[in-house]
Amino acid sequence: MPLSNPAERKHIHTRTLECSGYRRTDGLWDVEGHLIDVKSYTFQNTERGDVPPGEPVHEMWIRLTVDDDLNIHKAEAVTEYSPFSLCKDIAPNFERLVGLSIGPGWRTRVRNRVGGVEGCTHIVEMLGPVATTAFQTIYPIKNKEQPESRAKSTRPPRLLNTCHAFRSDGPKVRELWPDHYDGPALD
């Protein structure tokens, strides 16, 4: 169901964020984010002069190379368009993500390494959807290839209590993972 019809309005800005996941031939995975911000009007920038409609205000990429357990082996960031030329200088700091693991506490650990003046707000923002893309890329493939390891696991599912649908006292957890259901007993 789409959103309701909007009031009369004029388009001003578009942010496009695309994330993609890839299986590499060496057994690792690449997960990439690509962000573009554009305006629908010409605006003035102190370094770039007049920026015409459709020319990016921001265009940035991030690539994380991870293993099956979401441990980061390599991180690379690039800034192609930005308001200031010095914005590109911070890209090497994203190599500090190497050694981290995507999972609970991810955003906090990212901010500790590349937040604030140690990073780029827009690239850091991409790392949330990039992490989700890593899960969506890797786990369905691993579950399909190794269904027995999933069935034998006694650990709580990684998705448990991550959203309304996967709350531990909800009907989906009762259906999918009854050993981890902690809601009211069935009649």
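The values are calculated or read from the model by the stated rules, or taken from the named source; none is laboratory data. What you see is a predicted model; the values in this text were computed from it and never measured. Note that each Cβ is placed from the backbone with ideal geometry, even for glycine, and that neighbours are counted across all protein chains shown.
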What's the number of the only condition in (1) assigned to a helix (DSSP H, G or I); (2) farther than 20 Å from Leu70 by Cβ; (3) without any contact (Cβ under 8 Å) to a residue 60 or more places away in the chain that Thr108 fails to meet?
(2)
Based on this model, can you work out whether Glu47 counts as touching a residue at least 24 places away in the same chain (Cβ under 8 Å), of a type outside the set (A, V, I, L, M, F, W, C) and in the same structural domain as Pro129 (by TED's automatic domain parsing)?
yes
Can you name the strands (runs of 3 or more DSSP E) wholly within the stretch 38-78 that have at least 1 residues being among the charged types (D, E, K, R) and within 21 Å of the chain's Cα centre (by Cα)?
56-66
Residue check for Val110: loosely packed, with under 12 Cβ neighbours inside 10 Å and assigned by TED's automatic domain parsing to the domain that holds Arg24
no
When you go through Glu80, Glu125, Glu175, Glu118 one by one, which is the residue that is touching a residue at least 60 places away in the same chain (Cβ under 8 Å) and either among the acidic types (Asp, Glu) or outside the structural domain of Ser20 (by TED's automatic domain parsing) (or both)?
Glu125
Hits in the stretch 65-96 - residues which are hydrophobic (A, V, I, L, M, F, W, C) and farther than 18 Å from Ser20 by Cβ:
Phe84, Leu86, Cys87, Ile90, Ala91
